[in-house]
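In what follows, a structure is listed as structure tokens, so that the remarks can point back to it.
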Amino acid sequence: IVDPSTGRTNLQNEITYDLSRVPSRTRMRVYADATGQESFVNDQFMDGLGRTRQVRTPTKQAGQQMVSGAVEYDGKGRAKKQWVSYFEAASDVYVPHNPAALPKPTEYAYDALNRQIQTTNPDRSTVQVEYHGHEITYTDANFHRVVKNTDGHGQVLSVVESISGASKTTTYTF
């Protein structure tokens, strides 16, 4: 942005792309003031399929960044494992995550139709999803069940929630 009275450039944010690296880097720099002296830098690293591999964001502690986006993909490109954000020494390049040094990840399983059928949380509790025609059954880590019945267009016709042996049904009409 150019100040018409002074002719000075008042840059508020800047985005640069580095496609020469693998993974590629998108850097977003947001300036905190008009002088351009202070800025906030966020680096996002993406693989050749456009998936975020890592995001590095500064923290209040000098020399440290919060790293998010640590995901391991299976051979079909589906998320297989996903880790929570963690702190690491600052870097302006992609640093592969070290699964052995991180807390346990959330893990995902899929059926032959690429539908997510199980989520295993870091504490090893699971959430299950079963598909039977127009009926989808969700079972959470506490064994509470929710059954959704849909029509041919995917609209929900009814939901049956079972908690501690009691069932409640909600019916929808269109």
Fraction of alpha-carbon pairs in segment 15-174 farther than 22 Å apart, rounded to whole percent, equals 59 percent
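If you only keep lysine pairs separated by 8 or more in sequence, or across chains, how many in the chain come under 28 Å at the Cα atoms?
8
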One finds the C-alpha centres of segment 59-88 and segment 119-174 to be spaced, in Å, by 30 Å
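Which value, in debye to the nearest 20, gives the size of the charge dipole of the chain about its Cα centre, when Lys and Arg are +1 and Asp and Glu are -1 at the Cβ? Mind dumping the intermediate values first?
Numbers: 19 positive and 19 negative charges, 43 e Å.
Charge dipole of the chain: 200 debye, to the nearest 20.
Values quoted throughout were computed directly from the atomic coordinates according to the rules given, and no laboratory measurement underlies them. Note that the structure is predicted; figures quoted are calculated from it, not measured. Please note: Cβ atoms are built from the backbone with ideal geometry, for glycine as well, and neighbour counts cover all protein chains shown.
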